[in-house]
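Before any comments, here is the structure.
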Amino acid sequence: MRSGSTRLAAGAVLIGIACTAALIVYYVVGYLAVRPPAMAKRTSLTLQTVASLGFGPHPDWVSYLVKDANGRWQHSTVLTVPANSLVHVTVLQYDTATGLRNPFWGGPRGLVGEMKVDGKPTATLDPDLASHTFAIPDLGVSVPLKGVADNAKNQCSVAPCTLAEAHTTITFTFRTGKAGTYRWQCFVPCAAGFILGFGGPMQSVGYMDGYLHVA
Amino acid sequence: MSRLTREARLIFGLWLVLSAIALPLVVLVLGPHLPPGRMSSEAGAQTDANVVLTAVCTPIVILLAVQFGYSLVAFRARPGDLEDGPPIQGHGPTQVVWLVVTSAVVVALAVWGSYTLIVSSHGAGGGQGPNPDAIPKDAAQALQVQVIGQQWNWTYRFPAYRGVETKDLELPTGRAVELHVTSLDVAHSFWAYQLGVKADAIPGVDNIAYVHPRKRGSFMIRCAELCGLWHGHMYQTGHVVTPAQFASWIRGEMKQEALNLRYLPAYSRDYFPEPLRRAG
C-alpha cells in the first residue's frame, strides 16, 4: 500500500505535467490562431512601415500596415491581389535606416518599370540607407525601402503615421503570376533588441512578414 | 535427420529462392529509382551506394522474414496445448557463422563506403569544412561558387566573374564546381537534392563541397536546417546547363548587376562578424 506522502508526491507530479501540457497547448493554439485579417483583393496597394506600432501586444515592434478600401490603415500583412495582373504598390516609409545585412538586396528586382523614391527613378539604393525591404522571393520581387534621415524633423513615433510626418515614398509595380499563396518578408535586420536583428517582428506574420494571396 | 535440420534446410531453401528472385529486382528495377539520381558524379556515387546497401541488406532481411514467418506458422501453440516448448540452448556454429558474416558485411561496407566518400567521390557532395581532405584532381580548374545563406533565401557569388552575386544558380556541365557555403546570420544547410550536395551554411565558416554536374536539367535547392519562420519556404530551383548557356547567363547577370556591384563587399570566404555590426 502506498503511503500518504507517496500519493501526494505522485499527485503533485501529475498536476505539474498537466499544467505544463496546458501551457504548451495554450501557446501553440495561440500562435496558430492569431493571424492578421486578410485584406480585400486590390490591384493597388498602399503600405506604411513604422518603427514602433504603438498598440497591440507588441507596441514597440517595427511593423507594416496596409490601407484598406475605405482609406483606413489596418494592422495586417495578409494581402490579396489578382492573378496575372500588374500590381501597383506605394510604400510610405516612416522608419530610419538600419542597413542591409546583404548589400545585394539594395538593387530592386522583379519589377515592371522603375522603382521611384520620392518620385525619382532609382536604379539601386545604397544598402546602408535601407530601412526595410518588400520582398516576395517566389515572384522574384525585392524592393529596398529608403529610410528617413536620423535627424529628420517630425518623425513618426507610433502608427498610423500621417503624411505630415517625415517619410519617404517608394512606388513600384510588379506582375503577379498564377494563383497561389506567396510569402513576403523584409531582409533588413530591423528588429531592434533581438539577436542579429531577426527575432520578434522579423519572425512574425503581421509585422515584417506576410502572405500575398494571388487569386 | 533431426527435425531441426529439416526445418533449417527448409528455411535455407526458402531464403535462397526468395533472395534469388528479390536481388535482381532490387538492383535492376528498384535501383534506378533510388535517390538522388545521376545528375552529377557525386549524386551517382550516392545512388550506387544506396543500391549496394539495399542489395546487401535484401538477403539479410529476407532471412529474418522467412525465419520469423516460418516460426509463426510451424511453432505456434495448438489449441489446448499446454506443454512447454523445448528448452532453448545456444548453437555455437550458428552463432559463429552469424557473427562472422554480419561483421564481414559491416566491415566491408565501411571500407567500401570510406573509399567512395574520400577517394572516388571526393566528399560525395558533403561539406568538408574550410580545409577539405577529399579534393578532386580537377579542383584547380573548378568553377568557384559561393553559396550564401540568409534568412530566408540563398544568393550566390562568382569570384571569377568580378564577384557578381546572383539570386539564381546555374552551373555548367563538364566542369568541377567548388562550392563555398556560408551564412550571414544563423545556421542553414544548402541541399541541392539532385546534385547530391548537402553542406551546412554556418556564419563565419567557409564550408567547401565539390560537385561535378554531368546532366542538364533542373535541381531542387532547399534549406535542411530549421532556421526560423520561413525555413519551409527557403527553396529554389537551380539549373545545370551547357557551358555556352552558362557563359551567356553569367554575362547577363554581370550586366544586370553592374550598378549594384559597387555596393557589394570584397569577395571573402565568409562575412562574419560584419553582420553583427548591422544587427538591430
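None of the figures in this text is laboratory data; all of them are computed from the coordinates on show. Values in this document were obtained by computation on a predicted structure and should not be read as measured data. Here the Cβ positions follow ideal geometry from the backbone for every residue, glycine too, while neighbour counts run over all protein chains shown.
When each of the peptides A:179-189, A:153-163, B:45-55, A:9-19 is scored by the mean number of other C-beta atoms lying within 10 Å of its residues, the order from highest to lowest reads A:179-189, B:45-55, A:153-163, A:9-19. May I have the pair-distance distribution P(r) for segment A:38-214, computed from all Cα-Cα distances with 10 Å bins from 0 and rounded to whole percent? Per 10 Å bin, starting at 0, the Cα pair percentages come out as 10, 42, 39, 9, 0. Taking the Cα centre of each part, how many Å lie between segment B:191-219 and segment A:189-215? That distance is 28 Å.
By the compact-protein rule of thumb, 2.2 N^0.38 Å, the alpha-carbon radius of gyration of the protein assembly as shown corresponds to a ratio of 1.30. Within the same chain, lysines fewer than 8 places from B:K198 are excluded, and of the rest, those with a Cα less than 20 Å from its Cα are B:K167, B:K215. Using R0 = 45 Å, the C-beta based FRET efficiency linking B:I21 and A:T43 works out to 0.10. Within straight cross-link reach of A:K116, meaning Cα distance under 15 Å, which aspartates and glutamates are found once same-chain residues fewer than 8 apart are removed? The qualifying aspartates and glutamates are A:D126. Here's the picture: charge each Lys and Arg Cβ at +1 and each Asp and Glu Cβ at -1 in chain B, and of B:T173, B:S189, B:G113 the one pushed furthest to the positive end of that dipole is B:T173. Alpha-carbon geometry of chain B: the Rg and the Dmax are 26.3, 89 Å, given in that order. Taken residue by residue and averaged, Cβ atoms of other chains lying within 10 Å of the Cβ of A:103-111 number 5. In straight-distance terms, cross-link reach from A:K41 covers every one of the lysines whose alpha-carbon lies under 21 Å from its own, apart from those fewer than eight places away in the same chain; here that gives A:K67, A:K178. With the simple model of a label 7 Å out from the Cα in the direction of the Cβ, A:L163 to B:N131 spans 6.4 nm.
How big is D, in µm² s⁻¹, for segment B:137-278 by Stokes-Einstein at 37 °C and 0.692 mPa s if Rh is the Kirkwood radius over C-alpha pairs? The diffusion coefficient I find is 215 µm²/s. Counted over chain B, the DSSP beta bridges are approximately 70% antiparallel. Computed from Cα positions, the angle between helix B:41-74 and the longest principal axis of chain B comes to roughly 20 degrees. Ranked by the mean number of other Cβ atoms within 10 Å of their residues, highest first, the peptides B:218-229, B:259-270 fall in the order B:218-229, B:259-270. Taking the longest Cα principal axis of chain A as reference, the axis of helix A:4-33 is set at about 20 degrees.
Near the amide H of A:Q74, within less than 5 Å, lie the amide hydrogens of A:V66, A:K67, A:D68, all on another chain or at least 5 residues away, with H placed in the peptide plane. First measure r as the distance between the Cβ atoms of A:A152 and B:A104, then evaluate 1/(1 + (r/R0)^6) with R0 = 51 Å and state the FRET efficiency to the nearest 0.05. So, using R0 = 51 Å, E works out to roughly 0.10. One Cα centroid belongs to segment B:12-57, the other to segment A:102-181; the line between them spans 53 Å. Mean partner shielding of peptide A:200-208, defined as the number of other chain Cβ atoms within 10 Å of each residue Cβ, is 1.
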